[in-house]
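Here's the structure, in structure tokens; my notes come after.
The values are calculated or read from the model by the stated rules, or taken from the named source; none is laboratory data. The shown structure was predicted, so the numbers you read here are calculated from the model rather than taken from an experiment. Cβ sites come from the backbone with ideal geometry, for glycine too, and all protein chains shown count toward neighbours.
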Amino acid sequence: MEIILYVSIALVAVAFAVLVYFLVQTLKALKQTLQNVASTLEGVEKQLRGVTVETTELLHKTNRLAEDIQGKSESLNSLFVQVKDVGTSLNQINQSFRKVSTKVAAASEQQSEQVSKALQWSDAALKVWQKWQLKKKEVDGKVE
């Protein structure tokens, strides 16, 4: 019976050795996998650093562009105020022209009436003068 005990202990030792061997192989494979994961993570970390740097630069450029646009927008605001002032001035000039043209039209109409009356009087005077000339010729013709 002692032999069975020795054989059992030897069998357990061999089983334990086989178990340790496969456990070592599994741990080596796990180590390799973890090394691959670590190198992949290092690559991802480097890429993230690059992306972070590019993102930071892009953010700074965007901020500068926004500031530039804001400055130009403020400059345009004063331009729009000036354009509005010019529009107001032009409106006032147009109103002045309307008033002047209304006054000129009224004065022109009044003077037109006066000119018309003067023409009528001059026409009447011319007719009277022509009649007087005719009568003078008739009188001169009868006298001779």
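Per the listing GLU67, GLU74, the residue uniquely at pLDDT 90 or above and not hydrophobic (A, V, I, L, M, F, W, C) is GLU67. When we screen LYS131, LYS136, LYS72, LYS117 for residues that are within 31 Å of the chain's Cα centre (by Cα), part of a helix (DSSP H, G or I) and surrounded by 10 or more Cβ atoms within 10 Å (Cβ to Cβ), the only hit is LYS72.
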